[in-house]
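Beneath this line is the structure, given in structure tokens, with notes to follow.
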Amino acid sequence: MSKLPMKDLQGKAAGEYDLADDLLIYDKGLQAVQDAVVNHRANLRQGSASTLGKGEVAGSNRKLWKQKGTGRARTGLRQSPVWRGGGVVFGPKPRDYSRTQNKREARLAFRRAISEKIAAGGVIVVEELTLTAPKTREFAALMTAMGVQAPAMFVTEGVQTDVVRAARNIPRVEVTTADLLHTYQVLRYPTLVITRAGMTALEARLRKAKGGKA
């Protein structure tokens, strides 16, 4: 069993959370993690960059000056790429950067990422995340009490509106649910703060990724 430290909202030790070692994986999955990160970042790209070629730039077809006798280099269209304001050669055009990853590889990547995070001591389990009001000041005080500094990811079992609203104004702090947590988030944030119920849901997800029953 892997022992994960548990804390209460005052930052005091509240025991340990036992996680079965067979749910973690360290001997494979690095390439799957790499692919998951590349895919996620590629899918964030809009692909909306666009430039105008010589045939798309507005302008007259008139020859700027006669071919010979001026002492200047010969020239043709004003839209030529050699002119300022002319067309762009091999410039970017709108394109789709999205990529896919099969479910089996994505689950392997997630297991490996979580395993590495646990091995590095970057996972803290709390009994629950409760606030008296959705106030940023209260959430910041809660982080200070638990000894958690940004950047950090908070993971709950379900959507807790008050927690999301209280944390959204704190830079480099994000709140998500156990079923929506993905590999890139696990790697991006050095600290994962997970509620006990969220950890139970995450454990079921890891068991499903391993191939057992959820």
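The values are calculated or read from the model by the stated rules, or taken from the named source; none is laboratory data. As the structure is a prediction and not an experimental result, all values here were calculated from the model. For neighbour counting, all protein chains shown are included, and Cβ atoms are generated from backbone atoms with ideal geometry for every residue, glycine included. Just the protein is used for accessible areas: all its heavy atoms, side chains included, with ligands, DNA and RNA removed. Shrake-Rupley method; radii C 1.70, N 1.55, O 1.52, S 1.80 Å.
Of the candidates 200, 132, the single residue that is surrounded by fewer than 19 Cβ atoms within 10 Å (Cβ to Cβ), touching a residue at least 40 places away in the same chain (Cβ under 8 Å) and either among the hydroxyl-bearing types (Ser, Thr, Tyr) or assigned to a loop (DSSP other than H, G, I, E, B) (or both) is 200. Counting the residues of the range 38-55 that are part of a loop (DSSP other than H, G, I, E, B) and open to solvent by 40 Å² or more (accessible area, probe 1.4 Å) gives 9. Taking the criterion of being over 20 Å from residue 107 (Cα atoms) and surrounded by 20 or more Cβ atoms within 10 Å (Cβ to Cβ), the residues of the range 167-190 that qualify are 167, 173, 175. When 13, 58 are checked against the criterion of being hydrophobic (A, V, I, L, M, F, W, C), closer than 30 Å to residue 141 by Cα and open to solvent by 80 Å² or more (accessible area, probe 1.4 Å), a single residue qualifies: 13.
Pick out the one residue from 35, 27, 96 that is open to solvent by 30 Å² or more (accessible area, probe 1.4 Å), modelled with pLDDT of 90 or more, in a loop (DSSP other than H, G, I, E, B) and closer than 30 Å to residue 198 by Cα. Please lay out each step first, then the result.
Numbers: 35 fails: in a loop (DSSP other than H, G, I, E, B); 96 fails: closer than 30 Å to residue 198 by Cα.
Just one listed residue meets the conditions, 27.
Look at the range 30-49: where a residue is under 12 Å from residue 183 (Cα atoms) and a partner is basic (Lys, Arg), sitting 6+ places away or on another chain with Cβ atoms under 7 Å, you get 30/112; 32/112; 33/112; 39/99. Residues in the range 155-191 that are assigned to a strand (DSSP E or B) and in contact (Cβ under 8 Å) with a residue 40 or more places away in the chain were compared, and the one that is nearest to residue 34 (Cα to Cα) is 155.
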